[in-house]
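A short worksheet on the structure shown next.
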Amino acid sequence: MNIGFGNLVNTDKVVAMITPDSAPAKRMVQKAKEEFRLIDATQGRRTRALIITENDRVVLSALLPDTLAGRMKGTKEASEEKKDE
């Protein structure tokens, strides 16, 4: 799934997509940064979504979680159509 600016994430590994506004989300980003688990895919833009993966990586995206959810849904539907063929 494209998370903006040509950056891609494997949708099978995504656990959650959340907004970065809450204090727990900010702590999660800080801890991931300290532990070298943070991937910044914002290209210098404002962070609008956090993507948490199965292997505890935290990915920052400049796209809204709703936008990413729509792309994820489209990706899943496209893969299901390929299975049916």
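The values are calculated or read from the model by the stated rules, or taken from the named source; none is laboratory data. As the structure is a computational prediction, the values presented were derived from the model and not from experiment. With ideal geometry, Cβ positions are generated from the backbone for all residues, glycine too; neighbour counts draw on all protein chains shown. Protein only, heavy atoms only, side chains kept; ligands, DNA and RNA dropped before computing areas. Shrake-Rupley method; radii C 1.70, N 1.55, O 1.52, S 1.80 Å.
Observations
- Residue satisfying all of: in the stretch 2-19; on the phi > 0 side of the Ramachandran plot and part of a loop (DSSP other than H, G, I, E, B); least open to solvent (accessible area, probe 1.4 Å) among these: 6
- Flag for residue 76 being surrounded by 11 or more Cβ atoms within 10 Å (Cβ to Cβ) and out of contact with any strand residue (DSSP E or B) (no Cβ under 8 Å at 6 or more places or on another chain): yes
- Failed item in (1) closer than 17 Å to residue 6 by Cβ; (2) within 13 Å of the chain's Cα centre (by Cα); (3) free of Cβ contacts under 8 Å to residues at least 40 places away in the same chain, with residue 60 passing the rest: (3)
- Any chance residue 47 is open to solvent by less than 100 Å² (accessible area, probe 1.4 Å), among the hydroxyl-bearing types (Ser, Thr, Tyr) and more than 15 Å from residue 64 (Cα to Cα): no
- Looking across the stretch 20-36, the residues that are assigned to a loop (DSSP other than H, G, I, E, B), at negative phi and either surrounded by fewer than 17 Cβ atoms within 10 Å (Cβ to Cβ) or among the aromatic types (Phe, Trp, Tyr) (or both) come down to 21, 22, 35.
- Looking only at residues of the stretch 63-73 that are over 10 Å from the mean Cα position of the chain (by Cα) and within 16 Å of residue 20 (Cβ to Cβ), we find that the one that is most open to solvent (accessible area, probe 1.4 Å) is 66.
- Within the stretch 1-18, residues that are in contact (Cβ under 8 Å) with a residue 24 or more places away in the chain and closer than 15 Å to residue 74 by Cβ reach partners that are open to solvent by 60 Å² or more (accessible area, probe 1.4 Å) and of a type in the set (D, E, K, R) with beta carbons closer than 7 Å, at six or more positions or on different chains, in the pairs 1/71; 2/71; 11/76.
- Residue 60 being in contact with an Asp or Glu (Cβ under 6 Å, 6 or more places away or on another chain), part of a strand (DSSP E or B) and on the phi < 0 side of the Ramachandran plot: yes
- Looking only at the stretch 19-42, residues that are without any contact (Cβ under 8 Å) to a residue 40 or more places away in the chain and either closer than 24 Å to residue 6 by Cα or β-branched (Val, Ile, Thr) (or both) come to 10 in all.
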